[in-house]
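See below for the structure under consideration.
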Amino acid sequence: MKPLLYLIIYSFFGFLLERIINILFLGGFYDNSVLYGPYQPMYGLGVVLTLYAYLMIKKIPIKWPFVKFLLIWLLAILFTGFSEYISGTLYEYFTGIVLWDYSLTFTWCTNPYSCFLPTSIFALLAVFTVIYIHPFISMFLKFIPRIIKWLVILAFLIDVILTYKEVLL
């Protein structure tokens, strides 16, 4: 249950982050949602994968903290890049809509869905989230009644089904 709740929470944070980025860099509110609700699962997935890698790397007896940070950041680049690429490719496959195209902004991109510069920035945000924000999220979830957690999960799953009903059913 926890990984799915983390996915939902960080997908919501990703939705908020993307709206802020759109306002700052595109000059207005641009809605490129992949679900009806306020979730961007590609960001949530990148953070959750980074979280579990971080938890494993934390246990490794490496003397220098910078080496651990660099290792988790490199893994986060792989995870967030993978998440963006898979999400973009599948969304286009199922809907025929290209939500973003990094190759229009960054000339060195080999495909529209992932590019090293933005992916490495998202990876830094994922690492920051895992190290500094996740402990508070984890603590916060301990105070939420189990029924509320299940209702949030159910609402998210219904959103996914309604969004992709033609593909899923």
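The values are calculated or read from the model by the stated rules, or taken from the named source; none is laboratory data. Predicted model only: the values in this text are computed from it and were never measured. With ideal geometry, Cβ positions are generated from the backbone for all residues, glycine too; neighbour counts draw on all protein chains shown. When the accessible area is computed, the model is the full protein with side chains, heavy atoms only, and any ligands, DNA or RNA have been set aside. Shrake-Rupley method; radii C 1.70, N 1.55, O 1.52, S 1.80 Å.
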ask   = Within the set of pairs 6 or more residues apart or between chains, which connect a residue that is in contact (Cβ under 8 Å) with a residue 12 or more places away in the chain inside segment 45-60 to a residue that is of a type in the set (D, E, K, R) with Cβ atoms less than 7 Å apart?
value = Ile57/Lys68
request  = Give segment 30-56 a look and list any residue that's of a type in the set (A, V, I, L, M, F, W, C), closer than 16 Å to Gly88 by Cβ and out of contact with any Asp or Glu (no Cβ under 6 Å at 6 or more places or on another chain), or say none.
outcome  = Val34, Leu45
request  = Scan segment 91-113 residue by residue and report those that are open to solvent by 80 Å² or more (accessible area, probe 1.4 Å) and among the hydrophobic types (A, V, I, L, M, F, W, C).
outcome  = Phe94, Ile97, Leu104, Trp108
query = Looking at (1) assigned to a loop (DSSP other than H, G, I, E, B); (2) surrounded by fewer than 15 Cβ atoms within 10 Å (Cβ to Cβ), can you tell me which one Ile121 breaks?
reply = (1)
message = Residues that are within 15 Å of the chain's Cα centre (by Cα) and over 21 Å from Leu16 (Cα atoms): does segment 95-107 have at least one?
response = no
message = I'd like to know if segment 66-73 contains one or more residues that are within 21 Å of Ile137 (Cα to Cα) and not hydrophobic (A, V, I, L, M, F, W, C).
response = no
ask   = List pairs: first in segment 114-130 and under 13 Å from Tyr54 (Cα atoms), second open to solvent by less than 30 Å² (accessible area, probe 1.4 Å) and of a type in the set (S, T, N, Q), Cβ under 8 Å, 6+ apart or cross-chain?
value = Ala123/Thr50; Ala123/Thr80; Ala126/Thr50; Ala126/Thr80; Val127/Thr50; Thr129/Thr50; Val130/Thr50
note = The residue from Lys2, Lys58 that alone is more than 26 Å from Pro145 (Cα to Cα) and open to solvent by 50 Å² or more (accessible area, probe 1.4 Å) is Lys58
key: Residues of segment 128-167 classified as of a type in the set (A, V, I, L, M) and open to solvent by 100 Å² or more (accessible area, probe 1.4 Å), total   = 1
ask   = Among Ser138, Ser103, Ser83, which is modelled with pLDDT under 85 and hydroxyl-bearing (Ser, Thr, Tyr)?
value = Ser103
query = Taking segment 108-133 on its own, how many of its residues are closer than 15 Å to Leu17 by Cβ and small (Gly, Ala, Ser)?
reply = 2
